[in-house]
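Derivation of every value follows stated rules applied to the coordinates shown; laboratory data play no part. Since the model is a prediction, treat every value here as computed from it, not as a measurement. We place every Cβ from the backbone using ideal geometry, glycine too, and count neighbours over all the protein chains shown.
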Amino acid sequence: MKKILVLFALVVVCCIPLTAGRYAGDFMMIGAGVKALGMGGAFSALADDGSAIYWNSAGLSHIRDSEISAMHAFLYNGLASYDHISFVQPLPNEVSIGLNFTRLTVSDIPHFDERYLIGTNVDQRINDSNYHLPGVPDSKFNSYDDLYQFSFAKNLHYDANMGWLFFEVPFDFSFGGTIKLIKRAIWDNTGTGTGVDFGFKTKTDLAVIFDQESFGDLHFGVNFQDIAGTEIAWDTDSELRDEILFNTKVGVAVVQPVPQLKSIVSVAYDYDYVYAGSSHYGLDWAYKDLGSLRIGYHDTNYSAGATIKLYGVLVDYAMITNPVGLTNRVGLRVKF
C-alpha cells in the first residue's frame, strides 16, 4: 500500500511538468499560512498576517509590527512535506515589505531502472520472469518545488465626504506587488521561472455608513496572480517550457466585534477564477487576546483550526480533509 501511495504522489506532484505543463504551478495553490488554510482559503480580503504575501500582498500594509511566521504541513499521509517561512517588516508612511520562502518536498521516491528491457517485446516481458520489475527499487531520489517571494505594500487612508449627509466615510486603500522566483527539481533536471502578482484591498467602517456603533468593518480584496502568465523553463534537451496560468482571487469579509463576549467574529468568502473556478468559505472566532477557533470549506473539503497565544507567540493548527485523507498543518507567528 505504501508503494502505491508513493507512486501516486510521484505522478501527481512530479510528473506534471513532463506533460502539457498547464498545471505547473499547482503546488503553489496549496496555499501558505495555517490561519488562512483553516478558513478554507477564504483569506484574500483579510490577509492580516505574514501569509498575505501569498493571499494578497496589499494586506501587508496593515501589519504594523515586525512578524516572523513559519508553517509545516504533512501531506499525502506523510509522503510529502510543505513548509514556508515569512518575514514582514513595517516601514514609515504605512509601507510594509515582506519576504517568503515555500518548499514542497517529496522524499525517497523509488526509481526502477528499466534499461535492461530495451530491445524486448511485450510477450517476453510477460512470460519471462527475468524481465519482470523487481520489488526493490534500484535507487531513490527526492523532488522539490521552491517559491521565493518579495512583496511591497502601501496603504492610503481617505475620508470620503458625503456632502449633504453631513458625515465622512473612512476608507483604507491598500496596494501591493509581489515578485517571485520559482524553482522545480526532478531527478537531474531543474526548471526555473519568474512571475508577478498584484493585490488590492480596501476596508471601510460599517458603523459609520449605517450609523450603528455595534457594526464592524467591511473588507474587500483582489489578488491577480501570475499576471500575463508565468513560464517555467527546464534545462532539458527539448528546452521544455511549462505555463502557470493567470489567476484572479476575489474576496469579501466582515470583521464584527462582539463586546458582550469579548470576541471578534470574521466571516469571509473568496472566489478563484483559474481552471473551472472555485469558492472558499471561512469563519474565525477570536476571544480576547488569547486565541481563536476557525472553520472553512472549499471544493467539498472541510477545514478547522485554532490559534493559542503563549508568552507572546501565536501557535497555529489546522486540519484539512482531501481525497487522500486528512492533512495537518502547524505554525508559529512571532510579532516584535
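For the range 58-81, backbone nitrogen atoms closer than 20 Å to the point 7 Å from residue 89 Cα along Cα-to-C-beta are found at 58-70. The string of couplings for the range 283-289 from the Karplus curve (6.51, -1.76, 1.60, θ = phi - 60°) is 9, 10, 10, 9, 10, 6, 10 Hz, one whole number per residue in order, with x for Gly and Pro. Does a label point 7 Å from the Cα of residue 309, set along Cα-to-beta-carbon, have any residues of the range 263-293 with amide nitrogen under 16 Å, and which are they? Under 16 Å, as judged by backbone N against the label point of residue 309, lie 263-266, 285-293 of the range 263-293. Round to a whole angstrom and tell me the spacing of the C-alpha centers of the range 155-216 and the range 258-319. The distance from the Cα centre of the range 155-216 to that of the range 258-319 comes to 19 Å. Summarising the amide proton neighbourhood of residue 232: residues at separation of 5 or more, or on other chains, whose placed amide H is nearer than 5 Å comprise 242, 243, 244.
Using the charge dipole of the chain (Lys, Arg: +1 at Cβ; Asp, Glu: -1 at Cβ; taken about the Cα centre), state which of 323, 99, 150 has its Cα farthest towards the positive end. After comparing all options, I get 323. Cross-link partners for residue 288 among the lysines, with Cα-Cα distance under 26 Å and sequence neighbours closer than 8 places in the same chain left out: 35, 201, 203, 262, 309, 335. The 3J(HN,Hα) values that the Karplus relation (6.51, -1.76, 1.60; θ = phi - 60°) gives for the range 199-216 are, in residue order, x, 9, 8, 9, 9, 9, 9, 5, 4, 6, 4, 9, 6, 10, 4, 7, 6, x Hz. Gly and Pro appear as x. Taken along the Cα-to-beta-carbon direction at a fixed 7 Å, the label points for residue 227 and residue 240 span 3.0 nm. In the chain, helical runs assigned H by DSSP with n ≥ 4 each contribute -39500 (n - 2.57); averaged across all residues and rounded to the nearest 500, the mean residue ellipticity at 222 nm is -2000 deg cm²/dmol. Computed 3J(HN,Hα) for the range 315-322, one whole-Hz value per residue from the Karplus formula 6.51 cos²θ - 1.76 cosθ + 1.60 where θ = phi - 60°, is 9, 10, 9, 9, 10, 10, 8, 7, glycine and proline marked x.
Amide H contacts under 5 Å for residue 66: 336, restricted to partners 5 or more places along the chain or on a different chain, H placed in the peptide plane at 1.01 Å from N. For residue 72 and residue 115 in one chain, what is 0.36 nm times their gap in residues minus the Cα-Cα distance, to one decimal in nm? Length gained between residue 72 and residue 115: 11.7 nm. In straight-distance terms, cross-link reach from residue 183 covers every one of the lysines whose alpha-carbon lies under 25 Å from its own, apart from those fewer than eight places away in the same chain; here that gives 140, 249. With the simple model of a label 7 Å out from the Cα in the direction of the Cβ, residue 138 to residue 194 spans 3.9 nm.
Grab every C-alpha pair in the range 83-234, bin the distances at 10 angstrom width from 0 up to the longest one, and report whole percents. Result returned by the calculation: 9, 21, 20, 16, 13, 9, 6, 4, 1, 0.
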